[in-house]
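Undergrad: Sharing a structure here in structure tokens format.
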Amino acid sequence: MTSVPHPPTTPELGRIKAVCLDIDDTLLDNAASSRLGLRALIGNDAAWPVWRHTTEDHYERYVAGEVDFATMCVERTRAFFAAFGEQISDAEATAREDHRMAAMQAAWCLFDDALPCLEWMRASGLQLAVITNAPSAYQRKKISRTGLAGTFDSMLISGELGVAKPDPRIFHAACDALDAAPHEVVHVGDRLDTDALGAADAGLHGVWLNRNGTEHAPPEGVSMITSLAELPELLVCDLPFAPGIPGRPDPGATAPHETTRIGALTR
């Protein structure tokens, strides 16, 4: 088991001022609650791979702004049943989706490593933010029901801003909200491309939370952890590009990654 370091003083964290986190499958076990929702929908979760693939396809359309969230849910449910030869109306898809959604929301819960990590970071004096691709009301309900309301200094929700990860503007908006430069901010998420690489491309420190332990070496400039229990040690000891950590060369003499900062976001 990875031991959690005692909260350090600010200088030990170098110039890292803030940590941003994804929500789904990073802090909250979205896959588990979604599987429970699928069982409520069809009586079992044997078709989970089909549901997951269908969700990926339709959620990309929502994130791209092609459909609203409610329409996406109905179209996804229709497409899922169509994959098994059952054609249903929009009204029937809506009724089935409402049943599934209620079951899934009742099962929302955090990973066991989420709260200890958040508490450690808060005790360390770090600012905390959420960066999530989701509709506003839906994600704020999720944050409230899982006891995270009041935990974060800022919440960047794609449904409110009109841009989504990996667009650098949402990461820069988080930096602006936290009054920190990109090189002073770490972003952690379960998606290598959307979260870790998106953050790194925007000038932040990207950390890939690879909970499944997939055998995949992270690209240069991205760190990988398999549990949030490993994040404190990464921040204190192992982050290879965090300036000012005792015993490491300080790359502060070199110019930080230049990025374009923005204020208001428009689609």
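Undergrad: So, in region 21-66, exactly how many residues are modelled with pLDDT under 95 and β-branched (Val, Ile, Thr)?
TA: Of the residues in region 21-66, 1 are modelled with pLDDT under 95 and β-branched (Val, Ile, Thr).
Undergrad: Still on this structure: Are any residues in region 121-140 over 14 Å from the mean Cα position of the chain (by Cα) and either outside any helix (DSSP H, G or I) or surrounded by 21 or more Cβ atoms within 10 Å (Cβ to Cβ) (or both), and if so, which ones?
TA: Passing the criteria: 121, 124, 125, 126, 127.
Undergrad: Select from region 108-120 the residues that are within 30 Å of residue 15 (Cβ to Cβ) and among the charged types (D, E, K, R) and write down the one among them that is farthest from the chain's Cα centre (by Cα).
TA: It comes out as 119.
Undergrad: Out of region 42-78, which residues are out of contact with any helix residue (DSSP H, G or I) (no Cβ under 9 Å at 6 or more places or on another chain), in a loop (DSSP other than H, G, I, E, B) and under 23 Å from residue 166 (Cα atoms)?
TA: Across region 42-78, the qualifying residues are 64, 65.
Undergrad: Exactly one of (1) at pLDDT below 95; (2) in contact with a strand residue (DSSP E or B) (Cβ under 8 Å, 6 or more places away or on another chain) is unmet by residue 246. Its number?
TA: Status for residue 246: all satisfied but (2).
The values are calculated or read from the model by the stated rules, or taken from the named source; none is laboratory data. Remember, predicted model here, so these are calculated numbers, not experimental data. For neighbour counting, all protein chains shown are included, and Cβ atoms are generated from backbone atoms with ideal geometry for every residue, glycine included.
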